[in-house]
Structure formats: structure tokens, C-alpha cells
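The structure appears below as C-alpha cells.
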Amino acid sequence: MKNRKLKICLMTNHQVGMLATLIILSKNHHLLGVVSYSQELNEILKCLNIRIFKSIKDSEFNELLKKADLLLSVHGREIVPLNILRLPHLKCINIHPYLYKYKGAYPIKQALEEKNWRASVGAHFMTEKIDEGEVIVEEFKDVDPKDSEEEIYNQLYFLYCKVIIKVLEYFEDKM
């Protein structure tokens, strides 16, 4: 079924969380709930009447996952448990900077240490192994050399938007 409206649960943080939320809502998908790790993001989610959770382990959030088509992690801070990854109806997707090169935590920090200015934001299916699932899409950009992770992230936000949109379009057509 083309352009199906997806039921989405989100794990996210700070600015990228707001971008993901706004993109999901702008595409008229159903945002069932958000595991948020940011007080600032929580304030915005409250204004939008979106249910907020502190952890993916919250039993109410797990009930929402049973109704969801997609779990989207954009700077999620928790490892998704196997019982969730194995839900047959749920697709679990992670959005990750420098996916092609740096798996796990702090990829931007690693890129800065290596002076790697070929940045990317990628989306992949979550598996038991961290950041090892099949890549759905990855967008690249040469970033200006900067001194901080924040400055690099500021250059990548538009790639996050592109990747999230492409992921949603991919699943609109597949599910």
C-alpha cells in the first residue's frame, strides 16, 4: 500500500529529536510516543500533546510498541532489548552519524580525533550487534574542520532531515 500512514514510536534527544518529531508530524504519521532524554524536548512534546517516556523499558511504552510499525532511534541512549527487536510486526531503525566508519557511541568525537571531515548520517536496521544492521540509506557531506562536536552536528542537521524523510518514505511504500 503506497504512502501508508505509519504508527511510530521514537527514542531521541535534543535538537535531532525535535527535527525527527516535526518531520514525522509533517508527513501526517501517527507519533504514538517518545522516549525523550531531554527536558527541553519534553517541553515541546508536551505542547504537542505527545506522550513522553523516560525509558524504552517503560511498560506503557512497550505496550505502544506492540501497536507501532516503526521504532525510530535518533540519538537514543538505550540498547533496544531483544524482545523488542524480535517483534515480528515492528521495524527498528537507528539513525547514526558517520555510520560508514564509527560504530557505537561518540562517532563525532572519533571523527574529530582522526580529523575525518567526510561526514555522513545513515539509517540502518537494528540488530543484536550495535550499529551493524543492514543500511537503508546514508547521506554524505564534507564538513568544515571544526573544534567541537556541537559544530559538526550543526553541519549535519540537514542530513538528519534528509535521512529521516527517506526512511519514512521507504516504509510508507513497504508496509
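What follows draws every value from the coordinates through simple rules; no lab data is involved. Keep in mind that what you see is a predicted model, and the values were worked out from it rather than measured. We place every Cβ from the backbone using ideal geometry, glycine too, and count neighbours over all the protein chains shown.
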Taking the range 74-100 and keeping only residues that are under 17 Å from TYR170 (Cβ atoms) and outside any strand (DSSP E or B), one is left with HIS89, LEU90, LEU99
Which of the residues that make up the range 101-159 are of a type in the set (A, V, I, L, M), more than 14 Å from the chain's Cα centre (by Cα) and outside any loop (DSSP other than H, G, I, E, B)? ILE108, ALA111, LEU112, ALA119, ILE152
If LEU71 meets every condition in (1) of a type in the set (A, V, I, L, M); (2) outside any strand (DSSP E or B); (3) under 24 Å from ARG4 (Cβ atoms) apart from one, which number is that one? (2)
Looking at the range 110-120, which of its residues are over 20 Å from TYR170 (Cα atoms) and surrounded by 14 or more Cβ atoms within 10 Å (Cβ to Cβ)? GLN110, ALA111, LEU112, ASN116, TRP117, ALA119
(1) among the hydrophobic types (A, V, I, L, M, F, W, C); (2) closer than 18 Å to MET11 by Cα; (3) surrounded by 13 or more Cβ atoms within 10 Å (Cβ to Cβ) all hold for LEU82 apart from (3)
Can you tell me how many residues in the range 1-58 are polar (S, T, N, Q) and surrounded by 14 or more Cβ atoms within 10 Å (Cβ to Cβ)? 7
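Okay, residues lined up against (1) under 14 Å from the mean Cα position of the chain (by Cα); (2) hydroxyl-bearing (Ser, Thr, Tyr); (3) within 21 Å of THR127 (Cα to Cα):
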{"residue": "LYS5", "(1), (2), (3)": "no, no, no"}
{"residue": "ILE8", "(1), (2), (3)": "yes, no, yes"}
{"residue": "LEU31", "(1), (2), (3)": "yes, no, no"}
{"residue": "SER38", "(1), (2), (3)": "no, yes, no"}
{"residue": "LYS46", "(1), (2), (3)": "no, no, no"}
{"residue": "ILE52", "(1), (2), (3)": "no, no, no"}
{"residue": "ILE79", "(1), (2), (3)": "yes, no, yes"}
For the range 10-43, which residues satisfy the criterion of being outside any helix (DSSP H, G or I) and free of Cβ contacts under 8 Å to residues at least 24 places away in the same chain? ASN28, LEU31
